[in-house]
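The values are calculated or read from the model by the stated rules, or taken from the named source; none is laboratory data. Keep in mind it's a predicted model, so treat the numbers as computed, not measured. For neighbour counting, all protein chains shown are included, and Cβ atoms are generated from backbone atoms with ideal geometry for every residue, glycine included. Surface accessibility is based on the protein's heavy atoms, side chains included, excluding ligands, DNA and RNA. Shrake-Rupley method; radii C 1.70, N 1.55, O 1.52, S 1.80 Å.
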Amino acid sequence: MPSPLAPPRTDPGQPLAPGLKSVHVHKFGGSSLADAAHNQRVAALLDEMDAAASGLQFVVVSAMHGVTDTLIALADASIAGTDWKPAFMALRQRHLDAADVLDSGSAHGLHEWLEARFAALGDTLTAMASGQARSEADIAGVHGLGEVCSARVLQVALGGADAGWGCLDAREVLVANPGELGVTVDWEASQSRLAQWSEREQQCSRGRVITGFIARDGEGANTTLGRNGSDYSAAAFGRLLHANELTIWTDVDGVLSADPRLVPDAVCLDSMSYAEANELSYFGASVLHPRTMAPALQAGLAIRIRNTRNPAAPGTVISLESAAAASPVKGLSLVERMALLELSGAGLIGVPGTAERMFAALHAASVSVTMISQGSSEHSICCVVREAQAAQAREAVASAFADAIEEGLVAGVEVTPGIVILAAVGDGMVGSPGVAARLFDGLAKARVNIRAIAQGASERNISVALDAADAVRGLRAVHSAFWLSPQTLSIGLIGPGKVGRALLGQLSDSLQRLAGEGQRGIDLRLRAIANSRRMSLAPRNLPPQQALEALEAGEALDLDAFAHHVRASHLPHALIVDCSGSDAIADYYPHWLAAGIHVVTPSKHAGSGDLARYQAIRAATRHGGRFGYEATVGAGLPVIVTLRNQLDTGDELTAFEGVLSGTLAWLFNRFDGSVPFSALVREARELGYTEPDPRDDLSGIDVARKLVILAREAGRMLSLEDVEIENLVPPPLQDVPLEEFLARLEELDTPLQARLDDALAGGGALRYLARMDRDGRASVALVVPPAGHASLYTRLTDNLIQFHTRRYTDNPLVVQGPGAGPEVTAAGVFGDVLAIAQALGARL
Ligand code: ADP
Ligand code: ASP
Ligand code: MG
């Protein structure tokens, strides 16, 4: 049987010769190999894949997580003459610890093997410290030790040679030379070395673990492929070995629309083209080394990015073509630590060859230019270079234009450090108008200033240079401009009592339906929940049905932190629903509203409490968030909105009256003398129709608050003190403890029975009505309405409001219906939330 490592055929991409096992190249990054447990997980994963595929597996590995950083620091420290020993010992111990778990019986001699590697490393570092062994190759040898160790560690985790697993030090095969654009694999040399190697080596039945990152140069000296180079190693071996599959395993589900550490809402892409992946990685997406795509493309090999921690996720496939996606932009990335270099002057106008001169000078100084932008006036040319090369770049350009500067034709060369490039990448941008507009609009909304703009002729990339301080805000804003519904609301819920709980249920039932309308859809994201003691903040989303559980496990309440979290800069809108019923929380509304956070509440404190606070809330809504409190009057009934509609269309409220308490409505609808009033109160309390202390209903305060809310809405700045209130609780019972009040409830019966007898004698009935007269007099009281009055035809807990306006003079405008209970109240709150979303552009 021919060896799978035979010299490659000239037609890469063709199926392997019959009888030959299929070849799958995997690459595991450092994050997948952090310690012994991670190695065991990877081994289990490979065993599973092996059983399913029965092919040969070549597993390219990075160093254990963070090891390369430490090795680089060790080499630097020894050369600088600082103490490298503690870090060295810790690194050694970390490897030995892994060995002691994975090879506890020392069957593979891993511990000793690693000790020998570290002893040699110690010798090298000592030599470096004393001024020897400091060549590039020596240094590369130190940097690459992590991969040498991790390959052996994983081989042991897989069961070693007995289990059919071998090791391959990539330096035996891979030849790579540094060039202007970084290191490049020498294919011919590598192929012939692979052929020689496979002649020498026994084939392993299951596969080999290969060191990533390291290689030899044309002279045979140690070299590395650059940071994150194991991705490139894997693609190179994929090509050299004529792999049928190439999988890069990492710690995220695939290539995401942006760096998830910066954009919590980044989404995983199903597929992308080599060109897109190339561009994205070139512009800073650290998930892939930018050179990874070329060998895969040459070999016609798709790259699959998958998550070691979530192998069930399909991952991202990178191949020639990518499926059309919802957004024309596939991904966003940031290139940090850049500088803007600007050459300007009137003398540049129309002078041919200026750009050439400038870029030739930069090229000669080995400065790489990441982005170029020139205004058509040619008054200035600017480009973006790495911050570390900025001084070099300025000098090169200044000396190239020394004569022009002297003559005053060129003003000079200006360098601005602290710049980032934000790049938007996607094949779909080609010929799709409006992409740039959306990007700039996103930045403008976040008030991010753009320093320079460039669009590649391929139209696959639009890059903008921003101040580093704006980088993350800009990235998030552009991300939401492309990936989020403009009606995305970040929601915080305070006080999940009865109404809050009902709201959670309604949210959970409706979220999907509301989101299903594409760009018009409403994306409601519950991201925070709090009660009077605790809060729970979720970076992305709290499923409503799990919110109470999360709250139980939450942290101590900090309302400022809560609001700050809800007002996430990466989501377009923020809203706080306050179901706490706490007067103190209403004090926060003006601040929240002023900060642009919308506020919705079923609680009457803000609307009927302190007038100065009410006015501050009104003032804040003029420029800030919206304030929704429809559910404060008539629960889910459209009371405030009806009044508003009249007022906004130029009508004027002259008077109103109505039944504004569901509890009192129920009590007096039932009170016909057949049962004592106290018995009805007890029954209502048991049915949950009253507040826990029924005096809160019977006192009339609650009704008076609603009256104040409606009056203020109509422009009459009443306060509770201005309302005449009839308290149905006799004075001796008003201040006694609840228990005592309940025990003495019968004391209500005699006075109320007398009132009822009077009413019945006149052929009437009792109703507890709120009233505001034409002259502004406001009262809430138990009355006998005149015959035919609408309140006499209400049922159960019905609320009823009659608006007398300039237009509705003879016959009032009436709103009537059930006006109490957590479900209808929550629906009123939900309605306010949706009304705000609608005002933001949602189509319902
Ligand atoms: P590995 O150790 O597997 O090579 P890396 O840390 O090199 O892992 O790359 C994976 C990391 O890259 C992710 O954890 C993520 O934080 C980061 N990253 C940056 N941009 C992106 C992106 N667009 N898509 C996915 N991951 C990204
Ligand atoms: N270990 C190397 C690094 O940290 C290579 C890699 O992980 O891909 O850069
Ligand atoms: Mg990596």
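At a glance:
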{"read-out": "Those strands (runs of 3 or more DSSP E) lying entirely in region 126-232 with at least 2 residues more than 16 Å from ligand 3 (Cβ to nearest atom) and surrounded by fewer than 22 Cβ atoms within 10 Å (Cβ to Cβ)", "value": "165-168, 176-179"}
{"read-out": "Residue within region 473-492 that is within 30 Å of E823 (Cα to Cα) and open to solvent by 40 Å² or more (accessible area, probe 1.4 Å) present", "value": "yes"}
{"read-out": "Subset of region 254-280 [over 26 Å from D470 (Cβ atoms) and within 12 Å of ligand 1 (Cβ to nearest atom)]", "value": "G254, C268, M272, A277"}
{"read-out": "Residue in region 371-411 that is farthest from E279 (Cα to Cα), counting only those that are over 39 Å from the mean Cα position of the chain (by Cα) and hydroxyl-bearing (S, T, Y)", "value": "S399"}
{"read-out": "Test: T250 is near ligand 1 (Cβ under 8 Å from one of its atoms), more than 18 Å from the chain's Cα centre (by Cα) and among the hydroxyl-bearing types (S, T, Y)", "value": "yes"}
{"read-out": "Failed item, numbered, when D578 is tested on (1) charged (D, E, K, R); (2) modelled with pLDDT under 95; (3) surrounded by 21 or more Cβ atoms within 10 Å (Cβ to Cβ)", "value": "(2)"}
{"read-out": "Residue within region 87-96 that is more than 16 Å from ligand 3 (Cβ to nearest atom), surrounded by 14 or more Cβ atoms within 10 Å (Cβ to Cβ) and closer than 16 Å to A127 by Cα present", "value": "yes"}
{"read-out": "Filter result for A361 (of a type in the set (G, A, S) and surrounded by fewer than 17 Cβ atoms within 10 Å (Cβ to Cβ))", "value": "no"}
{"read-out": "Close pairs from region 199-221: first on the phi > 0 side of the Ramachandran plot, partner away from ligand 1 (no atom under 16 Å from the Cβ) and open to solvent by less than 50 Å² (accessible area, probe 1.4 Å), Cβ under 6 Å, at least 6 apart", "value": "G207/L56; G207/Q57; G207/F58"}
{"read-out": "Filter pass, D69 being away from ligand 2 (no atom under 16 Å from the Cβ), within 30 Å of H24 (Cα to Cα), open to solvent by 60 Å² or more (accessible area, probe 1.4 Å) and of a type in the set (D, E, K, R)", "value": "no"}
{"read-out": "Residues located in region 371-388, provided they are modelled with pLDDT of 85 or more and either among the acidic types (D, E) or in contact with a helix residue (DSSP H, G or I) (Cβ under 9 Å, 6 or more places away or on another chain) (or both)", "value": "I372, I381, C383, V385, R386, E387"}
{"read-out": "Helices (runs of 4 or more DSSP H) contained in region 691-745 and holding at least 3 residues without any contact (Cβ under 8 Å) to a residue 24 or more places away in the chain and closer than 17 Å to L769 by Cα", "value": "none"}
{"read-out": "Restricting region 313-358 to residues that are acidic (D, E) and within 30 Å of G254 (Cβ to Cβ), the residue that is least open to solvent (accessible area, probe 1.4 Å)", "value": "E336"}
{"read-out": "Cβ-Cβ under 9 Å pairs, at least 6 apart or on other chains, region 602-618 side under 12 Å from I709 (Cα atoms) and assigned to a loop (DSSP other than H, G, I, E, B), far side of a type in the set (K, R) and open to solvent by 40 Å² or more (accessible area, probe 1.4 Å)", "value": "K604/R705; G609/R705"}
{"read-out": "I405 β-branched (V, I, T) and within 21 Å of A285 (Cα to Cα)", "value": "no"}
{"read-out": "Odd one out for N310 among (1) under 29 Å from G431 (Cα atoms); (2) out of contact with any helix residue (DSSP H, G or I) (no Cβ under 7 Å at 6 or more places or on another chain); (3) open to solvent by 50 Å² or more (accessible area, probe 1.4 Å)", "value": "(1)"}
{"read-out": "Given (1) closer than 28 Å to C579 by Cα; (2) open to solvent by less than 10 Å² (accessible area, probe 1.4 Å), index of the condition E686 fails", "value": "(2)"}
{"read-out": "Some residue of region 256-267 being hydrophobic (A, V, I, L, M, F, W, C), surrounded by 24 or more Cβ atoms within 10 Å (Cβ to Cβ), at pLDDT 90 or above and within 16 Å of ligand 2 (Cβ to nearest atom)", "value": "no"}
{"read-out": "Residue among L33, L16, L56 that is more than 16 Å from ligand 3 (Cβ to nearest atom) and either under 23 Å from L114 (Cβ atoms) or at pLDDT below 70 (or both)", "value": "L16"}
{"read-out": "Scan of region 382-413 for residues that are touching a Gly at 6+ places or on another chain (Cβ under 8 Å) and within 20 Å of D467 (Cα to Cα), ordered by number", "value": "E387"}
